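K.L.:
To start, I am sharing the structure in question, which I have written as structure tokens.
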Amino acid sequence: KSAKIAKIRTPIVCVLGHVDHGKTSLLDRIRGSSVVSSEAGAITQHIGATLVPIEAIRAMSTSMQKIPVTVPGLLFIDTPGHHAFTTLRARGGALADMAIVVVDINEGFQPQTIEALQILRGCKTPFVVALTKIDRVHGWRVVENAPFLTTFAQQNERIQEFMETRHYEIVGKLSDLGFNCERFDRVQDFARNIAIVPISAHTGEGIADLLMVMIGLAQRYMEQSLAMSVDGPGCGTVLEVKEERGLGPTLDVILYDGTLSVGDEIMLASEDGVITTKVRSLLKPRPMKEILTEERFERVKSVVAASGVKVAAPNLDRVIAGSPLRGVRGDREAVATQIRQEMEEIHVKLVEDGLVIKADTIGALEALCQELENKEIGVMRAAVGPVSRHDLITAETIKNPLYKVVLAFNTPLLPDAADIVKETKQMKVFSGRVIYQLIDAYLLWRDQQKR
Ligand code: GTP
Ligand code: MG
């Protein structure tokens with residue numbers, strides 16, 4: 001059996017939940033960093049990835065040192081608290097092997113919590129609920145880094161009662177959604193019951209329990225799905241296209257299947273359709289480092305799933321963030337067709353009576369579209385990339401003056417487009433790095449126009 005076990009790949013763990021409930025903080029705690037404090041408005045705008053090796057997890061949990069561990073570590077994916085998770089796809093399914101749904105114990109379930117659960121149910125992804133911010137419960141006595149049961153025993157009766165009440169409210173809500181849940185220490189069968197782990201990202205309480213449950217889940221119930229995936233050509237999803245000094249445009253990729261090596265031929269979706277190129281170099285972020293903010297990378301000859309890796313190759317400048325990446329071995333046309341099909345699944349609903357939106361990634365574009373749809377604001381054109389002259393000319397043709405605008409999320413204005421804005425004064429371009437603020441700025445302007 002040991003030969004088979006040696007082949008288990010790193011599980012991909014998505015961290016989901018409502019805005020501000022503490023997803024990034026949880027990962028910060030695990031990797032001992034502070035990504036939250038470097039984020040614009042402390043809101044995660046992009047999907048990031050961090051590899052946490054098993055040794056690091058072991059170091060955090062004394063009880064883990066006793067159990068035999070076969071997974072090499074966990075690849076955590078941080079997601080923004082808005083809808084972009086739906087774009088984290090792999091071959092039409094979910095990219096994540098497992099998930100952590102983060103719920104603020106003081107706020108309970110919120111719209112995005114429910115949405116995350118519905119997505120997980122749809123994809124049949126196993127998950128754990130992290131009931132976080134327990135240190136904020138009024139009167140909480142902190143026992144730094146303690147396992148949950150140790151710290152729970154230190155709390156007074158009122159707090160213990162409050163915790164139980166909250167816990168059963170959450171169990172009830174999850175039951176309404178069709179999930180069977182229990183506090184992790186009361187779970188008998190992890191295949192039938194979903195574990196709830198109370199934690200605090202600020203004090204470290206319960207974090208070791210959470211990691212233990214995740215590792216246990218991966219080893220017991222996912223050995224098969226994780227066992228086979230390291231041979232074969234590399235398959236991945238592009239998170240971002242980024243300019244790197246000395247390398248030109250590069251791709252941040254989550255490799256979820258197979259092996260990717262320097263010299264491999266790969267296919268990707270670009271603004272000009274499917275392209276073929278050759279991997280020139282592969283750069284890995286150091287373990288415990290978020291790929292989004294890492295500055296020092298290690299050059300490697302090849303990477304094995306699952307990994308976050310930066311790919312440098314010729315002709316990447318027009319690759320679309322969110323695109324599939326496929327290593328080519330054999331039939332090229334079949335691979336190209338697969339990529340085209342996957343791209344068509346990405347859904348942005350366009351209407352005639354609407355405005356123009358631009359964003360830096362497909363995920364962001366989808367998220368922005370979704371938010372606009374919720375506010376009943378139509379979208380007439382949606383594209384990835386900087387705001388161009390063409391976008392402004394398109395916006396100019398819009399009949400409804402309240403829609404004659406461009407919303408630019410996390411993407412700049414090209415110089416010729418900036419000139420047009422200056423000259424005509426009629427064209428309105430809203431730029432921003434926070435989706436909600438961008439939409440609010442537009443709504444404020446629209447209300448002023450109506451007066
Ligand atoms: P988005 O990326 O915007 O969806 O938010 P997020 O879920 O990543 O939340 P984030 O980690 O940015 O935390 C939001 C706020 O909650 C920050 O001010 C954190 O400091 C705070 N916070 C997160 N976890 C804890 C916790 O365990 N205890 C306390 N007291 N505060 C927390
Ligand atoms: Mg975040």
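K.L.:
P(r) tail for the stretch 283-437, what percent of Cα pairs lie past 18 Å?
P.N.:
Cα-Cα pairs in the stretch 283-437 separated by more than 18 Å: 67 percent.
K.L.:
S431 versus A191, label points 7 Å from Cα toward the beta carbon: distance in nm?
P.N.:
5.5
K.L.:
For the stretch 138-225, what D do you get in µm² per second when you plug the Kirkwood radius from alpha-carbon pairs into Stokes-Einstein at 20 °C and 1.002 mPa s?
P.N.:
My calculation gives 152 µm²/s for D.
K.L.:
Hey, another quick one. Give me the distance between the Cα centres of the stretch 114-134 and the stretch 171-242, rounded to whole Å.
P.N.:
That distance is 9 Å.
K.L.:
Can you tell me the equivalent ellipsoid semi-axes for the stretch 348-406? Use √(5λ) from the Cα gyration tensor, largest first, whole Å.
P.N.:
So the three semi-axes of the stretch 348-406 are 17, 15, 7 Å.
K.L.:
So, by mean Cβ neighbours within 10 angstrom, what's the order for 297-306, 364-373 with the highest one leading?
P.N.:
364-373, 297-306
K.L.:
What translational diffusion coefficient, to the nearest whole µm²/s, does the stretch 199-352 have by Stokes-Einstein, given a Kirkwood radius computed over alpha-carbon pairs, a temperature of 20 °C and 1.002 mPa s viscosity? Numbers along the way, then the final one.
P.N.:
Values: Rh = 17.1 Å.
Stokes-Einstein gives a translational diffusion coefficient of 125 µm²/s.
K.L.:
Let me ask something else about it. In the structure shown, do any of K242/K404; K375/K422; K66/K284; K242/K358; K399/K450 have a Cα-Cα gap over 21 Å, and if so which?
P.N.:
K242/K404; K375/K422; K66/K284, as the Cα separations exceed 21 Å there.
K.L.:
List the trypsin sites (Lys or Arg not before Pro) within the stretch 160-204 that DSSP assigns to loop and that have no more than 10 neighbouring Cβ atoms inside 10 Å.
P.N.:
Listed in order of number, the matching sites are R192.
K.L.:
Please report, in whole Å³, the volume per residue of the convex hull around the C-alpha atoms of the stretch 313-392. Write down the numbers at each step before the final one.
P.N.:
Details: hull volume 9.0 nm³, N = 80.
Measuring per residue, one finds 113 Å³ for the Cα hull of the stretch 313-392.
K.L.:
Just the ratio, please: alpha-carbon radius of gyration of the chain over 2.2 N^0.38 Å, N its number of residues. Display every interim value, and only then the final one.
P.N.:
Working: Rg = 23.0 Å, N = 451, 2.2 N^0.38 = 22.4 Å.
With N residues counted in the chain, Rg over 2.2 N^0.38 Å equals 1.02.
K.L.:
Carbon and sulfur atoms: what percent of the 1.4 Å accessible area of the chain do they account for? Walk me through the intermediate numbers first.
P.N.:
On the way: 9900 of 20070 Å².
With neighbouring chains kept in place, the figure for the chain is 49 percent.
K.L.:
Continuing with the same structure: Run the numbers on the stretch 310-451 and let me know its relative contact order in percent, using alpha-carbon pairs under 8 Å that are six or more apart. Display every interim value, and only then the final one.
P.N.:
Values: 190 pairs, mean separation 28.8, N = 142.
In percent, rounded to a whole number, it is 20.
The values are calculated or read from the model by the stated rules, or taken from the named source; none is laboratory data. Everything numeric here is computed off the predicted structure, so don't read it as measured data. Neighbour counts are summed over all protein chains in view; Cβ atoms, including those assigned to glycine, are modelled from backbone coordinates with ideal geometry. What goes into the accessible areas is simple: the full protein's heavy atoms, side chains included, and nothing from ligands, DNA or RNA. Shrake-Rupley method; radii C 1.70, N 1.55, O 1.52, S 1.80 Å.
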